[in-house]
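Each value in this text was obtained by applying a stated rule to the coordinates, not by laboratory testing. Just so you know, these numbers come straight off a predicted model, no measurement behind them. Heads up, the Cβs are rebuilt from the backbone with ideal geometry, glycines too, and the neighbour counts pull from every protein chain shown.
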There are 6 protein chains.
Amino acid sequence: MSGLTHLGASGEANMVDVGGKQETERTAVAQGAVTMQPSTLAMILAGDAKKGDVLGTARIAGIMAAKRTHELIPLCHPLLLTKVSVEIEPDDNLPGLRVTALARVTGKTGVEMEALTAASVACLTIYDMAKAADRAMTISDIRVVEKSGGKSGDYRLQDV
Amino acid sequence: MSGLTHLGASGEANMVDVGGKQETERTAVAQGAVTMQPSTLAMILAGDAKKGDVLGTARIAGIMAAKRTHELIPLCHPLLLTKVSVEIEPDDNLPGLRVTALARVTGKTGVEMEALTAASVACLTIYDMAKAADRAMTISDIRVVEKSGGKSGDYRLQDV
Amino acid sequence: MSGLTHLGASGEANMVDVGGKQETERTAVAQGAVTMQPSTLAMILAGDAKKGDVLGTARIAGIMAAKRTHELIPLCHPLLLTKVSVEIEPDDNLPGLRVTALARVTGKTGVEMEALTAASVACLTIYDMAKAADRAMTISDIRVVEKSGGKSGDYRLQDV
Amino acid sequence: MSGLTHLGASGEANMVDVGGKQETERTAVAQGAVTMQPSTLAMILAGDAKKGDVLGTARIAGIMAAKRTHELIPLCHPLLLTKVSVEIEPDDNLPGLRVTALARVTGKTGVEMEALTAASVACLTIYDMAKAADRAMTISDIRVVEKSGGKSGDYRLQDV
Amino acid sequence: MSGLTHLGASGEANMVDVGGKQETERTAVAQGAVTMQPSTLAMILAGDAKKGDVLGTARIAGIMAAKRTHELIPLCHPLLLTKVSVEIEPDDNLPGLRVTALARVTGKTGVEMEALTAASVACLTIYDMAKAADRAMTISDIRVVEKSGGKSGDYRLQDV
Amino acid sequence: MSGLTHLGASGEANMVDVGGKQETERTAVAQGAVTMQPSTLAMILAGDAKKGDVLGTARIAGIMAAKRTHELIPLCHPLLLTKVSVEIEPDDNLPGLRVTALARVTGKTGVEMEALTAASVACLTIYDMAKAADRAMTISDIRVVEKSGGKSGDYRLQDV
């Protein structure tokens with residue numbers, strides 16, 4: 001009846017029972033963006049061109065965070081992720097950086113939260129590494145853009 | 001010269017040395033928002049009015065995540081947080097929920113990342129608990145709105 | 001010969017090899033209790049009636065702890081828990097609160113430790129949130145009350 | 001007014017602000033017990049006499065858990081523990097094992113939760129290592145027996 | 001073409017996709033050594049003969065670390081380890097202690113990193129527990145000595 | 001009498017009480033090496049020249065691991081690290097890579113274990129990222145090369 005599947009019969013928060021669900025390959029792709037001053041973006045890209053470290057560090061942070069999603073999000077199930085990847089690209093229209101994270105599993109439940117967590121933590125890491133130069137950066141547009149596998153069918157965000 | 005204080009002399013990512021900084025009381029407040037269908041918001045609020053669980057779970061998740069910021073963000077220092085709080089309020093203009101997180105420490109370095117991490121994970125938890133009803137929710141407006149203590153002076157985001 | 005299956009041939013502590021065990025659905029239910037002053041119980045319940053937070057926080061803490069059992073208990077295997085739930089009910093006869101935790105997995109080894117860890121951490125969280133009012137609370141009766149699945153057969157504690 | 005110091009003005013669960021509290025040396029001692037069949041106790045002690053592993057493993061597990069208390073208990077502050085110790089002794093009257101855990105810090109808040117968590121996890125580890133022999137073991141009597149330092153004064157449980 | 005399977009098409013570090021790999025039983029054995037003064041070795045062994053604690057603690061630390069390999073090594077996949085064991089033996093020729101760690105899984109990817117992590121952390125724990133007596137201890141010879149299961153075939157280090 | 005300061009009066013492993021020690025600035029530098037085929041080294045360096053990822057990932061992994069030392073090494077105290085850095089340089093004489101890790105704290109106890117853990121995990125990460133090309137790599141020479149601050153005086157390894 002309720003669309004909130006984590007609520008039990010009497011309303012308490014509890015993990016959904018996924019024991020009866022099928023083990024299928026499930027993939028999710030999530031995005032996020034960090035908007036910043038053009039000069040901040042230029043600085044990161046210049047540093048990145050030379051050393052690769054701001055973007056490289058954010059990618060690693062996002063991948064590692066995906067593996068800890070079930071520790072952070074109270075009702076997420078532990079999962080045997082078979083792949084996580086994080087890509088970061090500049091977008092002059094923001095201006096800033098766009099993060100795309102993919103998570104994949106062969107398992108009983110979807111991996112949206114893992115992809116979203118990877119994207120979020122990659123964005124937070126970008127903020128951390130550039131905040132001395134620009135305190136007003138904003139993280140936005142964190143959302144699932146694609147999802148496949150599982151009973152609820154495939155999904156693709158329309159306007160991306 | 002560089003504004004990217006995590007980059008070493010030769011460009012590698014390394015933790016900034018905060019050993020020489022003053023121990024002062026430092027506070028940061030960060031915000032975030034989850035935009036959703038009006039019906040999703042109504043469902044959460046109705047559930048919340050009766051049981052308190054969606055918002056309550058997200059608050060706890062945000063607080064717990066703040067304490068693990070240094071595990072998630074590669075170059076953050078461990079900190080002895082003296083206070084973390086997370087507030088969540090509905091905003092019909094989104095429509096959706098607005099999260100405000102406060103972190104405080106008496107220490108050698110600021111707590112923006114802790115506040116931002118708390119806000120981000122609270123938003124992710126809201127997404128997780130309502131995603132069965134609304135896959136298109138978006139997390140945005142994650143940013144520092146206030147910061148006090150420390151050598152760089154107080155900061156308040158203008159347009160909040 | 002020895003009933004202590006974690007001891008190796010020469011007595012050192014080592015994880016039991018569960019590689020040859022069957023993947024079956026396994027469920028365990030554990031309980032625990034926090035005994036307190038009647039006034040402490042009344043205060044928690046009054047607070048809970050209005051806000052739901054003491055019990056809600058303890059429930060979330062218990063669920064999250066179940067997922068970290070293998071990090072806490074040295075010889076426990078990591079598991080893909082398919083469900084964890086925690087219920088908390090007042091019992092005037094203690095007087096205090098009774099916690100019931102359920103853990104379920106489709107896997108090669110049982111989930112008693114996950115259920116027991118959830119119950120223990122939920123009890124500890126209750127203690128933490130009420131300790132300013134009552135330092136003499138006691139946690140007791142932490143035990144497995146039901147267990148199903150696995151080669152050793154089903155189990156049900158007699159006197160519960 | 002309320003004795004529940006973790007509840008905010010409007011009742012949500014939040015970490016208490018300890019920023020204004022004094023840094024003093026604070027110690028807490030907690031206990032716990034595992035009741036078991038006499039034959040289980042004999043088996044553990046015989047194993048322990050030869051190899052030391054059941055009790056040794058439980059001691060280590062308790063010490064390590066104390067350091068992670070703030071990750072497990074949602075509203076606990078991170079602390080720089082200066083000492084943790086765990087002692088385990090047989091008690092034929094249970095029959096079973098009694099665990100005593102001490103935690104100490106020079107900090108702004110007490111360490112009861114750290115001592116209680118150490119005792120709880122040591123008891124859980126004993127259960128885990130002996131459960132193949134005795135499924136009906138019960139963990140009980142987890143409580144603070146002594147506490148010193150801090151504004152609320154020293155405390156000693158009367159009947160221990 | 002490249003032998004560095006963690007590098008993506010454009011060179012960024014990302015987790016290899018193991019979704020298409022077979023679930024087989026995979027075992028890896030790794031070794032490590034701690035070289036120390038003969039008097040340090042004698043002290044550890046004497047302590048161990050009496051109490052078993054230095055070696056016992058290092059064994060437990062190694063086992064627990066194996067379970068957290070995917071949290072430490074950025075591109076490792078989470079795994080359901082079915083067995084971990086750690087053995088430590090004195091070697092007068094070093095002089096010092098030799099650690100052997102075994103990890104096993106039924107899964108889609110190998111467990112070399114888990115065995116290596118267990119061996120490394122066991123060695124680090126030995127260093128920690130004896131460092132007051134001998135600051136010049138050195139950890140060396142950390143390597144995979146045996147590996148079975150998986151597509152790349154069995155492997156055995158020649159000169160061990 | 002005993003040089004093994006983690007052993008209690010009766011021999012059990014327990015954390016040393018550092019409550020009475022001075023808060024001083026303490027620094028430790030540790031090293032480690034990964035020996036590999038010359039072709040493996042060339043491949044890493046070529047990849048690194050273009051993309052920076054093998055060495056960059058290992059550096060980040062080492063820094064992040066330093067912050068979790070007290071979770072991995074049972075009797076280590078939690079610490080507020082003020083700086084961690086990891087440098088990696090090729091050495092044709094190995095042939096392979098040499099890792100140098102520095103940890104610093106203002107605190108009551110030394111940071112050798114944090115520096116050693118950073119070095120070890122950086123080495124393990126190098127192994128992980130190159131193991132598809134070279135299974136016979138060996139990690140060695142993990143040791144403290146410099147230590148300053150604290151009562152026991154400064155220390156510098158002679159032959160480095």
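Taking the label point as lying 7 angstrom from Cα along the Cα-to-Cβ axis, what are the distances from A:Thr24 to the corresponding position in the remaining copies, in ascending order and in nanometres?
Label-point distances to the other copies, shortest first: 2.9, 2.9, 5.6, 6.2, 6.4 nm.
Find every distance from the label point of A:Ser152 to the corresponding label point in the other copies (7 Å from Cα along Cα→Cβ) and write them in nm, one decimal, shortest first.
Between copies, matching label points for A:Ser152 lie 3.8, 3.8, 3.8, 4.3, 5.5 nm apart.
Of C:Ala30, C:Leu80, C:Val145, which is farthest along the charge dipole of chain C in the positive direction, counting Lys and Arg as +1 and Asp and Glu as -1 at C-beta?
Among C:Ala30, C:Leu80, C:Val145, the one farthest towards the positive end of the dipole of chain C is C:Leu80.
Divide by every residue of chain B the summed helix terms, -39500 (n - 2.57) for each DSSP H run of at least 4, and state the resulting mean residue ellipticity at 222 nm, rounded to the nearest 500 deg cm²/dmol.
Estimated from H runs of four or more residues: -10000 deg cm²/dmol.
Compute the semi-axes of the equivalent ellipsoid of the range E:17-87, taking the square root of 5 times each eigenvalue of the Cα gyration tensor, and list them largest first in whole Å.
They are 33, 12, 11 Å, listed from largest to smallest.
How large is ³J(HN,Hα) for each residue in the range E:78-87, as worked out from phi by the Karplus curve 6.51 cos²θ - 1.76 cosθ + 1.60 (θ = phi - 60°), to whole Hz, x for Gly and Pro?
Per residue, the Karplus-derived 3J(HN,Hα) values read x, 9, 9, 3, 9, 7, 9, 9, 9, 10 Hz.
How large is ³J(HN,Hα) for each residue in the range C:117-124, as worked out from phi by the Karplus curve 6.51 cos²θ - 1.76 cosθ + 1.60 (θ = phi - 60°), to whole Hz, x for Gly and Pro?
5, 4, 5, 4, 6, 4, 5, 4
Can you give the angle from 0 to 90° between the axis of helix D:38-51 and the longest principal axis of chain D, with both taken from C-alpha atoms, to the nearest 10?
Once rounded, the angle reads 90 degrees.
Dipole magnitude of the protein assembly as shown about its Cα centre, charges +1 at Lys/Arg Cβ and -1 at Asp/Glu Cβ only, in debye to the nearest 20?
Result for the protein assembly as shown is approximately 0 debye, rounded to the nearest 20.
If I take every Cα pair under 8 Å that is 6 or more residues apart in the range C:73-158, average their sequence separation and divide by the length, what percent do I get for the relative contact order?
Relative contact order, the range C:73-158: 21 percent.
Taking every pair of alpha-carbon atoms in the protein assembly as shown, what share in percent sits in each 20 Å bin, from 0 to the bin with the longest distance?
Calculated P(r), rounded to whole percents: 15, 51, 32, 2.
Kindly flag which residue pairs out of B:Lys131/C:Lys108; B:Lys21/F:Lys67; C:Lys108/D:Lys67; A:Lys83/C:Lys147; B:Lys151/F:Lys67 have an alpha-carbon separation exceeding 23 Å in this structure.
Details: B:Lys131/C:Lys108 31 Å; B:Lys21/F:Lys67 19 Å; C:Lys108/D:Lys67 30 Å; A:Lys83/C:Lys147 34 Å; B:Lys151/F:Lys67 25 Å.
From B:Lys131/C:Lys108; B:Lys21/F:Lys67; C:Lys108/D:Lys67; A:Lys83/C:Lys147; B:Lys151/F:Lys67, over 23 Å: B:Lys131/C:Lys108; C:Lys108/D:Lys67; A:Lys83/C:Lys147; B:Lys151/F:Lys67.
Could you tell me the distance between the Cα centroids of the range F:38-106 and the range B:14-46, to the nearest Å?
30 Å
Could you estimate the translational diffusion coefficient of the range C:72-130 from the Stokes-Einstein equation, with Rh from the Kirkwood formula over C-alpha pairs, at 20 °C and 1.002 mPa s, in whole µm²/s? Walk me through the intermediate numbers first.
Numbers: Rh = 12.7 Å.
Estimated via Stokes-Einstein, D reaches 169 µm²/s.
Could you list which residues have their amide H under 5 Å from that of A:Glu146, counting only those 5 or more apart in sequence or on another chain, with H placed in the peptide plane?
Distant-sequence amide H within range of A:Glu146: A:Val29, A:Leu157.
Ranking request for peptides E:131-144, A:118-131: highest mean number of other beta-carbon atoms within 10 Å first, then the rest in descending order.
Sorting E:131-144, A:118-131 by mean packing, highest first, produces A:118-131, E:131-144.
When each copy gets a label point 7 Å from Cα toward the beta-carbon at C:Pro95, what are the spacings between them in nm, shortest first?
Listed shortest first, these distances are 3.8, 4.3, 6.6, 6.6, 7.8 nm.
For chain F, calculate the relative contact order in percent as a whole number, restricting contacts to Cα pairs under 8 Å that are 6 or more residues apart.
Answer for chain F is 36 percent.
5 Å is the cut-off here: which amide hydrogens, built 1.01 Å from N in the peptide plane, fall below it relative to D:Lys131, excluding neighbours closer than 5 in sequence?
none
Using only Cα atoms and rounding to the nearest 10 degrees, what angle (0 to 90) does helix E:53-66 make with the longest principal axis of chain E?
Rounded to the nearest ten degrees, it is 10.
Starting at the first residue of the range B:97-103, write each ³J(HN,Hα) from the Karplus equation 6.51 cos²θ - 1.76 cosθ + 1.60 with θ = phi - 60°, in whole Hz, x for Gly and Pro.
Once θ is set to phi - 60°, the couplings for the range B:97-103 become 10, 10, 10, 10, 10, 10, 10 Hz.
Where does each of D:Lys21, E:Lys147 land when they are ranked from fewest to most other beta-carbon atoms within 10 angstrom? Don't skip to the answer; put the middle values down first.
Values: D:Lys21 15, E:Lys147 23.
Lowest count first: D:Lys21, E:Lys147.
Cα convex hull of chain E: how many Å³ per residue?
127 Å³
Using the Cα centre as the reference, give the magnitude of the dipole from point charges on the C-beta atoms of the range B:41-151 (Lys, Arg: +1; Asp, Glu: -1; all else neutral), rounded to the nearest 20 debye.
Details: 14 positive and 13 negative charges, 88 e Å.
The dipole magnitude comes to about 420 debye.
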